Amino acid sequence: MTKVSSPKAVAASLTDYWSPRIVGEVDDAFIKVAKVLGTLCWHSHDDEDELFLVLKGHLRIELENAEAVELDEGEMFVVPKGVRHNPVAADECHILLIERKSTLHTGTVVTDKTRSLAEQLGSV
């Protein structure tokens, strides 16, 4: 079965910030999109890398014990497993994420912005 989708269009249609939606799967990874604004939280994923690709806007990823990474539209960065990081968007930003299916949204940190897998599988 084939299905064409537009991650940019799905991200633009989202109404909640920091609430990723799963738009596809590749082997043991989910492809997610999100609309973000402000700060998420400091967290890490002990056993999983996390890919960020900016679809629209600008994203800063603060990294513990390292300089922050600045991403503009079309740029991507992989946060290595175990690295504490904090995504920040001064203005609205749309992102695409690729993460293993086992990756928890905010690692072991739980905040009011943390979304369960069931919430991320919600309709778009």
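The values are calculated or read from the model by the stated rules, or taken from the named source; none is laboratory data. Remember, it's a predicted structure, so these values are computed and weren't measured experimentally. Glycine also receives a Cβ, built like all others from the backbone with ideal geometry; neighbour counts cover every protein chain displayed.
A few points about this structure:
- For region 3-45, filtering for residues that are in contact with a Leu (Cβ under 6 Å, 6 or more places away or on another chain) and on the phi > 0 side of the Ramachandran plot leaves 1.
- Among the residues making up region 17-27, a single one is acidic (Asp, Glu) and either closer than 15 Å to residue 120 by Cβ or modelled with pLDDT under 95 (or both): 25.
Yes or no, residue by residue, for (1) of a type in the set (Val, Ile, Thr); (2) buried (at least 18 other Cβ atoms within 10 Å of the Cβ); (3) modelled with pLDDT of 95 or more; (4) closer than 19 Å to residue 92 by Cβ:
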{"position": "9", "(1), (2), (3), (4)": "no, no, yes, yes"}
{"position": "15", "(1), (2), (3), (4)": "yes, no, no, yes"}
{"position": "40", "(1), (2), (3), (4)": "no, yes, no, yes"}
{"position": "43", "(1), (2), (3), (4)": "no, yes, no, no"}
{"position": "57", "(1), (2), (3), (4)": "no, yes, yes, yes"}
{"position": "65", "(1), (2), (3), (4)": "no, no, no, no"}
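- Test: residue 51 is aliphatic (A, V, I, L, M), under 13 Å from the mean Cα position of the chain (by Cα), modelled with pLDDT of 95 or more and surrounded by fewer than 19 Cβ atoms within 10 Å (Cβ to Cβ): yes
- Of the residues making up region 85-100, not a single one is modelled with pLDDT under 95, among the polar types (S, T, N, Q), over 23 Å from residue 8 (Cβ atoms) and out of contact with any Pro (no Cβ under 8 Å at 6 or more places or on another chain).
- Residues satisfying the stated conditions in region 79-109, i.e. of a type in the set (Val, Ile, Thr), surrounded by 13 or more Cβ atoms within 10 Å (Cβ to Cβ) and closer than 18 Å to residue 18 by Cα: 79, 88, 95, 98, 103, 106, 109
- Cβ separations smaller than 7 Å between residues 6+ apart or across chains give the following pairs from region 86-99 residues that are under 18 Å from residue 63 (Cβ atoms) to residues that are not basic (Lys, Arg) and not in a strand (DSSP E or B): 86/40; 86/41; 86/42; 87/40; 89/57; 93/57; 97/20; 99/48.
- Look at region 1-21: where a residue is more than 25 Å from residue 38 (Cβ to Cβ) and a partner is surrounded by 13 or more Cβ atoms within 10 Å (Cβ to Cβ), sitting 6+ places away or on another chain with Cβ atoms under 6 Å, you get 5/23.
- Any hit, region 45-58, residues being without any contact (Cβ under 8 Å) to a residue 40 or more places away in the chain, farther than 17 Å from residue 105 by Cα and not small (Gly, Ala, Ser): yes
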